[in-house]
1. Looking at I315, N467, N53, which one has the Cα that reaches farthest to the positive end of the dipole of the chain (charges on Cβ: Lys, Arg +1; Asp, Glu -1)?
2. Show me, bin by bin at 5 Å from 0, the whole-percent P(r) of the stretch 2-173 based on Cα pairs.
3. Can you pull out the chymotrypsin sites (Phe, Trp or Tyr not before Pro) in the stretch 310-414 that DSSP calls coil and that have at most 12 other Cβ atoms within 10 Å?
4. So, with a 1.4 angstrom probe, what is the percent of accessible area on the chain that is carbon and sulfur?
5. Round to the nearest 10 and give me the degree value, 0 to 90, for the angle of helix 434-447's Cα axis relative to the longest principal axis of the chain.
6. Report the charge-dipole magnitude of the chain in Debye, nearest 20, computed about the Cα centre from +1 at each Lys and Arg Cβ and -1 at each Asp and Glu Cβ.
7. Put +1 on the Cβ of each Lys and Arg and -1 on the Cβ of each Asp and Glu in the stretch 251-477; which of Q298, G270, Q260 then has its Cα farthest toward the positive end of the dipole?
8. For every helix of n ≥ 4 consecutive DSSP H residues, a contribution of -39,500 (n - 2.57) applies; sum these over the chain, divide by its total residues, and give [θ] at 222 nm rounded to the nearest 500 deg cm²/dmol.
Amino acid sequence: MATIEFLLNGTPKQCNVTPDTSILTLLRDLLGTTGTKEGCASGDCGACTVAINNSSDPQGGFLSVNACITPAHQLHGQHLVTVEGLATEGKLHPAQQAMIECHGSQCGFCTPGIVMSLFTLHTTQQQRSAPLTPARLEAALGGNLCRCTGYRPIRDAALSMQNIQWQPPQWFNATLTNCAPLATASLAIPESTASDAPLFAQPTTLVELTNMRSRYPNARLVAGATDLWLESTQRLTALNQLIDVSRVIEMGQIESASFQEQPGWWVGSGVTYSQLEPLFDSHFPAFAHLLHRLGSQQVRNRGTIGGNIANASPIGDTPPVLLALDAWLELASDTGVRQIPLSAFFIDYKKTDLANDEVISRIFIPQLSDTVSLRVWKLSKRREDDISAVLGAFCYRLENGVMRDVRIAFGGMAATPKRAYGTEAALEGISPSRASFQAAQQALADEFSPMSDVRGSQHYRQQVALNLLERLYLTLSVPNQEVMLHAYAH
């Protein structure tokens, strides 16, 4: 067990917890703070939503996270806010007051999580001069399910809470630095090298991380834990040895750079989806739009681009897009680093080129020129907060009416995210026409043989992929016009 030190609603706390303890377990079972509820235990329903403020982050602000799948050790040195902490001196927070006035609570089970999502939305909006938009409201509440179907009054509460006067309590901006003697450093790296010793290491540099990786090759790496922690909550798998990469400085940076004579960005593998949004909004709008469908706000605040790649799921959302962008990976170990194209990383189902002593340190994403187009289309059972059945990414440029540098990748069509090389070849150097795209569709049908599962049959996936290629043809035939209703277009 390791000792973690953090603030809970402004009050210093010191707890001894095992490596596989979640924030939810810490709150309910160890601290007796039961306002935070457990619903799905998989990060889908939002009943367990809490807010975390990293006092070392110069940007400040609270982020909503799912307590059920967030490791308790990652609270070390941070400020955790739960629903119990919002009311001070008998005065409710505007999120709470608005929920009462708008009759936003029905059975009440999901209400604490909804209130916490509204709390983070309120604190963010207080720092903005722009009004609350429907899109931002949808993003903030998209990860909170109300089983009583009471969304209208909840929406009304969100829109009205900004009009309620509120004075932040004294603890609101509390940090560990002014709550001595709590430690603000990361958890100490243990000296023991026993292969089966309980472990939660929290290195702060890439050198420390690769050293730990070499010493503990069987330890699991954890960043956002949005997928890993399901092994604990759903499969009851013991997570006895964990190496936390979320504090590694190099893996949290985004740097403009040139690689292989291409301008672009090196993106640390520990960068979260929420942190990627400004870059993607400016340079990859189609990729940015996809992020809005990649989990909930709580998941995007935690999930990382490196984790989505390392997980090697055939239906991961970001790998097909990165393949179409011709991204590269930097893999680091105790003996050095190497770079490989992302297309060479995926070997087979859940198998990658990553050695036991290596970590994905960063990803190079080439910048698109003004003449290059990127299209990303995802199909899933639910439009929001769902895993892909099929995802297609299409990158190309038109030169004098001819398609050039065509790169096409799919998720959900093979054992790994995969480039459609035959389809690319069928379109390269060709003027878009009905005949050329029919030839491309035949090539696509020949090079993929997807599996059937609960998200779609083999026939469904094959037809969907062909339809996405048809959609690309229609998009090229009718420039500057969306070929489907926006609600279903992405």
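1. Checked the options; the winner is N467.
2. Calculated P(r), rounded to whole percents: 1, 9, 18, 22, 21, 16, 9, 3, 1.
3. Qualifying residues, ordered by number: Y349.
4. Of the solvent-accessible surface of the chain, carbon and sulfur hold 49 percent.
5. The angle comes out near 60 degrees.
6. So the dipole magnitude of the chain works out to roughly 1000 debye.
7. Ranked along the dipole, the leading option is Q298.
8. Rounded to the nearest 500, it is -8000 deg cm²/dmol.
The values are calculated or read from the model by the stated rules, or taken from the named source; none is laboratory data. Quick caveat: nothing in here was measured; it's all calculated off a predicted structure. We place every Cβ from the backbone using ideal geometry, glycine too, and count neighbours over all the protein chains shown. All accessible areas refer to the heavy atoms of the entire protein, side chains included, with ligands and DNA or RNA removed. Shrake-Rupley method; radii C 1.70, N 1.55, O 1.52, S 1.80 Å.
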